[in-house]
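Heads up, the thing below is written out as structure tokens.
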Amino acid sequence: MKNFTLLLITILLNQTILFSQSCLPEGIEFNSQTEIDSFQTNYPNCTEIEGQVQILGNNIYNLNGLNILTIIGDDLSIAENDFLNDLSGLNNLTSIGGSLFLMGVDGINGLLGFDALMTINDNLQIGYCDSLINLTGLNSLSFVGGNIFIEINPLLSDLSGIENLTATGGGLSIYNNNNLVNLNGLQNLTSIEGHITIHENEILESLNGIKNIQSASITNLNISNNSSLSTCEVQSICDYLSDPSGTISISNNETGCNSQSEVETACENVSIEEFMSNKLFEIFPNPAKNKLTIRNNKELIIKGINIINQLGEKVYSTKTNVNIIDISKLNTGIYFVEIIAGHNNFRKKLIIN
């Protein structure tokens, strides 16, 4: 009986080895659909490729032949392809030992297919993907060991899909994504161990999505040429500006985030009171020009309304409960609307142009 048990264990171990093994230490390059489809025939039971994997060219339209892969030991590059609509076939991939490069894959609008991917040990670079809307599909990714580059994706509207990402071993670069409205998706990122570069994202308005990054993990800061960006006074940026460990470059953004001094002033004001939840009050339009409307959503008793400039001076004050304020005589610039209701003061940034 004992010998039979040992024999059974040996058979099971051999089957495990047979059906799960590493291969291709020199890596592999796929240039055609035929090569993808015949992978499991040519390399039976190859679940862990030790070297790099390159998937290149327009002759590939699905990755189903790679559905056996669980680990890639070096870089994974998918590039120069107009016909891949998703990345299905990589659904069992859990780890990339090098970098993930996704460059010029114009048919995908998300990253479905990377559902099981938890770690990338080096860089994550996503660029020149003309149809990419968001990063849905990277939902399991929690760690990137190097830098993150998200660049020149003309339809990318937000970064939803990477909400489980908590840390990187390098910097964060968000560059020239001209449909990017916000940085939502990065709210759980707390440590980057590198630079933050936010550059030439023309309709980006706020940095709120990166507010939880620990300032001590930021080495350099570059926020430039984002023509609609007016809200930079988020916790991570304010903390870094108060005690920088490297360089600071803030320029050519919208009023409110157009220079280091503007952001520092805004940081001083928002630290007084994190303001005015829209559940209580709304102010609109913002930016405003002639008139400002205040909406009291909860019908709280308002005891006073002040408008304060960047020097801390009150340029408007009333103790009456008004909902429309004439601001036509105020100069262009950044102000703070302070609403006194009960024992609380609520503040919100106002841009007058």
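In degrees from 0 to 90, rounded to the nearest 10, what is the angle of the helix 2-19 Cα long axis to the longest principal axis of the chain?
60
Restricting the count to DSSP beta bridges whose residues both fall in the chain, what percent are antiparallel, rounded to a multiple of 5?
The antiparallel proportion sits near 35 percent.
Express in nm, to one decimal, how much length is gained between Asn45 and Lys319 on full extension, taking 0.36 nm for each residue of separation and deducting their alpha carbon distance.
Going from the current span to full extension adds 91.0 nm.
Spelling out what I want: for every residue of the stretch 130-141, take phi, set θ = phi - 60°, compute 6.51 cos²θ - 1.76 cosθ + 1.60 (Karplus), and round to whole Hz; glycine and proline get x.
Values per residue, Gly and Pro as x: 5, 10, 5, 9, 8, 10, 4, x, 9, 5, 8, 5 Hz.
If you rank Met118, Met103 by fewest surrounding Cβ atoms within 10 Å, what's the result?
Met118, Met103
How far apart, in nanometres, would the label points at Ser191 and Asn220 be if each is projected 7 angstrom from Cα along the Cα-to-Cβ direction?
2.3
Here are several values of Kirkwood radius over Cα pairs in Å: (i) 20.4; (ii) 23.0; (iii) 21.8. Which one was derived from the coordinates shown?
So the calculated entry is the one marked (ii).
Which longest uninterrupted range of the chain lacks any GluC sites (Glu not before Pro) assigned by DSSP to a loop state (not H, G, I, E or B) and surrounded by at most 11 other Cβ atoms within 10 Å?
It works out to 27-273.
Run the paramagnetic zone check for Ile340: 7 angstrom along Cα to Cβ, then residues of the stretch 289-315 with backbone nitrogen under 14 Å.
Under cut-off, by backbone N: 301-308, 314-315.
Full-extension gain between Ser131 and Asn59, please, as 0.36 nm times their residue separation minus the C-alpha to C-alpha distance.
Result: 24.1 nm gained on full extension.
Which residues' amide hydrogens lie under 5 Å from the amide hydrogen of Lys303, considering only partners 5 or more residues apart or on another chain, with H built in the peptide plane?
Ile340, Ala341, Gly342
Of the candidates Val315, Val337, Val53, which one comes out as most mobile in a Gaussian network treatment of the chain with C-alpha springs shorter than 10 Å?
In the Gaussian network model the winner is Val315.
Cα-based count: Lys pairs in the chain below 19 Å, eight or more positions apart or different chains?
25
Can you tell me the relative contact order of the stretch 19-270? Whole percent, Cα pairs under 8 Å, sequence separation 6 or more.
With pairs under 8 Å counted, the relative contact order is 9 percent.
HN-Hα J couplings of the stretch 316-321 from phi, Karplus 6.51/-1.76/1.60, θ = phi - 60°, integer Hz, Gly and Pro as x?
Couplings: 8, 8, 8, 9, 9, 8 Hz.
None of the figures in this text is laboratory data; all of them are computed from the coordinates on show. Keep in mind that this is a model prediction, so the values were computed, not measured. Positions of Cβ are generated from backbone atoms using ideal geometry, with glycine treated the same way; all protein chains shown enter the neighbour counts.
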